[in-house]
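Novice: Just passing along the structure, written as C-alpha cells.
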Amino acid sequence: MESGGGHSHSAGARVFNVFWYFTIQSNVIVGLTCLLLALNPRRTSTVFAVFRLIGVVAISVTFVVFHVAPSHLLDLDTWEQIANQLQHTIVPIVALAGGSCSDRGPPRRPAPRA
C-alpha cells in the first residue's frame, strides 16, 4: 500500500474510504431497504421499519444539505455530473416519492403491543 502524508493511495483503500461518506451510506441504506421491500412488500419487522426511516431521513438530509451548500461550487465532467445528480437529487426524490406513494405509505412506527 502506498502512502504519502498519512493518506492511503491504493485502489482498495480508496474504495473502502468511499463508504465513509454520509451520501454513500444514505444511498446504500435506501437501496438495500428498497431491495428488501421489492422482495417482500408485506415486510413488517421493526428493524426493517427503523432502517427504512433512517434511509429516508438520511437521504433527505443529503438532498437538502447538498442543494443548499456545495452544489453551486462544483465543476464536474459529464459522467461525474451524472453520478452527482443520481446521488444527490434523483435517489432522494425517488426515495421520498416511493415512500409516500407506495401502498404501505411512508415509513411509520409499528403499533405498540398490548
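Any read-out appearing in this document is the output of simple, stated calculations on the displayed coordinates, not a laboratory observation. Treat the numbers as computed from the prediction; the structure is a model and nothing was measured. No Cβ is skipped: glycine too gets one built from the backbone with ideal geometry, and neighbour counts run over all protein chains shown.
Novice: Please list the radius of gyration and Dmax for region 22-101, considering alpha-carbon atoms only, with Å as the unit.
Specialist: Looking at region 22-101, its Cα Rg and Dmax stand at 13.7, 43 Å.
Novice: So how do Ser60, Ser45 line up by other beta-carbon neighbours within 10 Å, fewest first?
Specialist: Starting with the residue having the fewest Cβ neighbours, the order is Ser45, Ser60.
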